[in-house]
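Asks: Right, I'll just put the structure down here and ask away after.
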Amino acid sequence: MKFLSRYTPLQIVMHLYAWSAIAWIIFELATGTFSINPIQELEQRTGRHAITLLALSLLCTPINTIFKWSEPLKRRRALGLYAFMYATIHVIIFVDLDYGLAWSRLIQELVEKPRLIVGLIAFTLLIPLAITSFDIWKKRLGKNWKRLHKLIYFIAPLTFLHYVWSKKGDLLSLQGEVAKPLIYGLIIAIFLIFRIPPIRKALASFSPRRLILSPKQESQPEGDAN
């Protein structure tokens with residue numbers, strides 16, 4: 001089939017998963033099974049999917065480093081753009097559907113709620129990353145392109161803070177709705193730590209093959225194996 005020859009299995013899975021949140025929302029709306037608080041549910045689902053896709057984009061580099069699998073690096077940009085798409089939808093729902101473009105009220109909310117300030121900063125910083133994610137900007141910006149995209153080390157923790165502050169709970173005392181935000185935070189932290197140069201270098205020297213083969217088997221030339 002032309003479709004299967006054009007797209008790899010990883011591409012197909014990635015695109016299907018990226019669109020799954022919107023598809024499921026449309027299905028529930030069409031069947032009348034959506035939440036009794038639709039605006040809040042839309043905000044939460046789009047925001048959560050944006051963070052998930054952002055975390056998956058961070059996972060691409062460690063996978064390449066550990067398993068020497070290059071394809072995830074080719075899908076990293078698409079995952080990042082999908083994350084930005086859902087973050088944009090999340091912001092539009094909040095600004096338009098939730099607050100009806102009442103800017104004076106929105107400004108007041110921003111001043112009173114740190115989670116909104118953190119979320120706004122994270123989204124604002126995502127904009128230049130999304131715009132410059134294409135190859136033409138890599139050529140134009142040169143070395144500055146990598147410097148700019150290192151903002152992700154700042155953006156990812158901000159998205160975690162925005163998420164955890166949006167939940168009713170206390171992270172320090174582990175009370176309330178903190179389980180999911182804590183899991184997301186740990187995952188994002190691990191993926192970011194894996195990208196630190198010394199740790200990335202150590203991971204690059206690690207081979208999963210060593211977990212299967214004994215040191216004697218590993219050192220034995222392939223032609224001498226019986």
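Asks: Using the Karplus curve 6.51 cos²θ - 1.76 cosθ + 1.60 with θ = phi - 60°, what ³J(HN,Hα) values do you get for each residue of segment 84-91, in whole Hz, with x for Gly and Pro?
Replies: 5, 4, 5, 5, 5, 4, 4, 5
Asks: Here's a follow-up. Please calculate how many Å² of accessible area segment 8-94 carries per residue, with a 1.4 Å probe and no DNA, RNA or ligand atoms counted.
Replies: 50
Asks: For segment 85-166, list log₁₀ I(q)/I(0) at each q in 0.17, 0.22, 0.26 Å⁻¹, using the Debye formula over Cα point scatterers of equal strength and ignoring solvent, two decimals each.
Replies: -0.75, -1.03, -1.24
Asks: Leaving ligands, DNA and RNA out of it, work out the accessible area of residue 124 with a 1.4 Å probe and give it in Å² to the nearest 10.
Replies: 70
Asks: Follow-up. In segment 55-127, what percent of the accessible surface is made up of carbon and sulfur (1.4 Å probe, ligands and nucleic acids excluded)?
Replies: Taking all protein chains in place, segment 55-127 shows 69 percent carbon and sulfur surface.
Asks: Explain nothing, just the number: dipole magnitude of segment 42-164 about its Cα centre with +1 on each Lys and Arg Cβ and -1 on each Asp and Glu Cβ, in debye rounded to the nearest 20.
Replies: The dipole of segment 42-164 has a size of about 820 debye.
The values are calculated or read from the model by the stated rules, or taken from the named source; none is laboratory data. Since we're looking at a predicted model, the values are computed, not measured. Heads up, the Cβs are rebuilt from the backbone with ideal geometry, glycines too, and the neighbour counts pull from every protein chain shown. The accessibility values were calculated without ligands, DNA or RNA, using every heavy atom of the protein model including side chains. Shrake-Rupley method; radii C 1.70, N 1.55, O 1.52, S 1.80 Å.
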